[in-house]
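**Student:** Structure below; questions to follow.
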Amino acid sequence: MKMVTIVGARPQFIKAAAISRSVAAHNHAHPDRLVQEIIVHTGQHFAINMSDIFFQEMAIPAPDYRLEIHGLGHGAMTGRMLEEVEKVLQREAPDCVLVYGDTNTTLAGALAAAKLHLPVAHVEAGLRSFNRAMPEEVNRILTDHLATWLFCPTPVAMEHVHNEGLDRRAGVRVVQCGDVMVDVLYHFAPLARGHSATSRAGIADGYLLCTLHRAELTDDDGRLARVFKVLLDLAREHDIVMPLHPRTRQALQRLDLLPHGSPKLRVIDPVGYLQMLDLLDHAGLVLTDSGGLQKEAYLMGRGVVTLRQETEWTETVTAGYNFLAGFDPAAIHAGVVRMLGRHVDNTQAFYGRGDASQHILASLVG
């Protein structure tokens with residue numbers, strides 16, 4: 001069996017690590033039924049600390065193709081990816097095409113495969129924010145409607161697939177498999193300790209860990225300014241460590257909002273996966289607009305204040321471990337007060353038990 005895996009953004013590299021490990025384990029156990037994985041890196045995230053570091057520290061096989069497509073608007077980027085991915089798929093003629101999540105890379109890979117009549121496997125199918133203003137929401141909906149295999153991480157995702165009638169389309173296979181990020185975290189968490197010691201040097205444990213990257217925040221100057229002012233206010237009482245996404249850094253520089261003379265707000269460059277897990281391990285609370293970090297925080301036993309008005313990962317909100325604050329300064333302050341130091345029971349298997357990649361590969365291999 002030949003499988004083409006298409007990745008391009010930080011979360012996809014992390015998820016792909018789990019599948020690649022399962023492929024290696026399968027090939028070792030079943031040399032008569034080998035799976036050949038061809039990895040295509042579109043280049044959507046291309047900086048070393050947003051891309052290469054993940055391949056290196058997570059032992060992901062080097063990409064077979066690097067398309068180097070980045071720095072464009074949504075339409076231009078998706079179009080260029082569609083064109084170049086199509087060429088790769090025509091050359092490789094795989095049995096299936098594996099895509100992850102909800103990025104432009106996801107949609108371009110799914111579109112290219114579908115137009116060539118190649119089966120699409122979508123990991124993280126069925127997620128919905130019900131906010132069509134998010135580019136990610138459009139990407140994930142379209143990808144689900146193109147996919148042959150819908151790998152749903154949660155019962156809620158399964159419900160969304162059913163409500164949209166996707167499970168009643170001819171030839172479609174829907175699998176509740178759990179979340180591959182659980183597989184990755186369980187494997188790498190023991191290896192992560194001490195990896196961000198420099199980033200948190202001189203800061204006591206219990207700090208606020210903050211990440212911001214979504215376009216609905218970084219592309220709205222007024223909203224970004226309000227949220228960043230809240231962070232500066234919080235930094236009067238709390239240490240904050242903030243790995244800064246390149247897009248967010250550019251927006252803050254444009255608005256002249258990068259902090260100066262705020263010793264309790266430590267802005268650092270983006271970090272690798274092991275460094276992020278170590279930062280999480282020493283944090284007291286997470287503030288983020290990242291879906292992946294919401295889950296990782298829960299799995300590491302940390303409460304979250306989500307800087308969005310909705311989330312696809314509703315399980316931790318329902319359980320009381322995730323406070324949806326949106327962009328309102330008062331709500332963000334209230335969320336920090338409510339969630340800091342809150343006990344998080346991370347033994348509930350909201351996202352599976354760390355064997356999602358095995359379920360996925362078993363379904364694909366048949």
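**Student:** Would you confirm, using the coordinates I've provided, whether Arg132 is more than 20 Å from Arg302 (Cα to Cα) and either surrounded by fewer than 20 Cβ atoms within 10 Å (Cβ to Cβ) or touching a Cys at 6+ places or on another chain (Cβ under 6 Å) (or both)? Please lay out each step first, then the result.
**Tutor:** Working: more than 20 Å from Arg302 (Cα to Cα): yes; either surrounded by fewer than 20 Cβ atoms within 10 Å (Cβ to Cβ) or touching a Cys at 6+ places or on another chain (Cβ under 6 Å) (or both): yes.
Answer is yes for this residue.
**Student:** Within region 337-366, count every residue that is over 21 Å from Asn322 (Cβ atoms), in contact with a strand residue (DSSP E or B) (Cβ under 7 Å, 6 or more places away or on another chain) and among the hydrophobic types (A, V, I, L, M, F, W, C). Steps first, please.
**Tutor:** So the first thing to find is which residues in region 337-366 are over 21 Å from Asn322 (Cβ atoms), and the list is 355, 357-366.
Next cut, in contact with a strand residue (DSSP E or B) (Cβ under 7 Å, 6 or more places away or on another chain) only: 359-360, 363-364.
Still in the running and among the hydrophobic types (A, V, I, L, M, F, W, C): 360, 364.
Here the count works out to 2.
**Student:** Scan region 18-41 for residues that are in contact with a His (Cβ under 8 Å, 6 or more places away or on another chain) and either part of a helix (DSSP H, G or I) or within 25 Å of Asn104 (Cβ to Cβ) (or both) and jot them down.
**Tutor:** Residues satisfying the conditions are Ala18, Arg21.
**Student:** With (1) out of contact with any Phe, Trp or Tyr (no Cβ under 8 Å at 6 or more places or on another chain); (2) crowded, with 18+ Cβ neighbours inside 10 Å; (3) in the same structural domain as Arg249 (by TED's automatic domain parsing) as the list, and Leu217 as the residue in question, which single condition is left unmet?
**Tutor:** Condition not satisfied by Leu217: (1).
**Student:** Now for a different question. Among the residues of region 220-249, write down those that are closer than 24 Å to Ser196 by Cα and either of a type in the set (D, E, K, R) or in a helix (DSSP H, G or I) (or both). Can you show your working first?
**Tutor:** If we filter region 220-249 for residues that are closer than 24 Å to Ser196 by Cα, which is where we start, we get 228, 231-232, 234-249.
Within region 220-249, Phe228, Leu231, Leu232, Leu234, Arg236, Glu237, Asp239, Pro246, Arg247, Thr248, Arg249 qualify.
**Student:** List the strands (runs of 3 or more DSSP E) that sit entirely inside region 97-211 and contain at least 1 residues that are outside the structural domain of Thr78 (by TED's automatic domain parsing), under 27 Å from Met276 (Cα atoms) and of a type outside the set (S, T, N, Q).
**Tutor:** Values: elements: 120-123, 149-152, 173-176, 207-211.
It comes to 207-211.
**Student:** A further question on this structure: From (1) without any contact (Cβ under 8 Å) to a residue 60 or more places away in the chain; (2) out of contact with any helix residue (DSSP H, G or I) (no Cβ under 7 Å at 6 or more places or on another chain); (3) among the charged types (D, E, K, R), pick out the condition that doesn't hold for Arg247.
**Tutor:** Failing condition for Arg247: (2).
**Student:** Please go through region 274-291 and give me each residue that is over 20 Å from Phe327 (Cβ atoms) and either aliphatic (A, V, I, L, M) or within 15 Å of the chain's Cα centre (by Cα) (or both), ordered by number.
**Tutor:** Filtering region 274-291 for residues over 20 Å from Phe327 (Cβ atoms) gives 274-284.
Scanning region 274-291 gives Leu274, Met276, Leu277, Leu279, Leu280, Ala283.
The values are calculated or read from the model by the stated rules, or taken from the named source; none is laboratory data. Note that the structure is a prediction, hence the values are computed from the model and not measured. Glycine also receives a Cβ, built like all others from the backbone with ideal geometry; neighbour counts cover every protein chain displayed.
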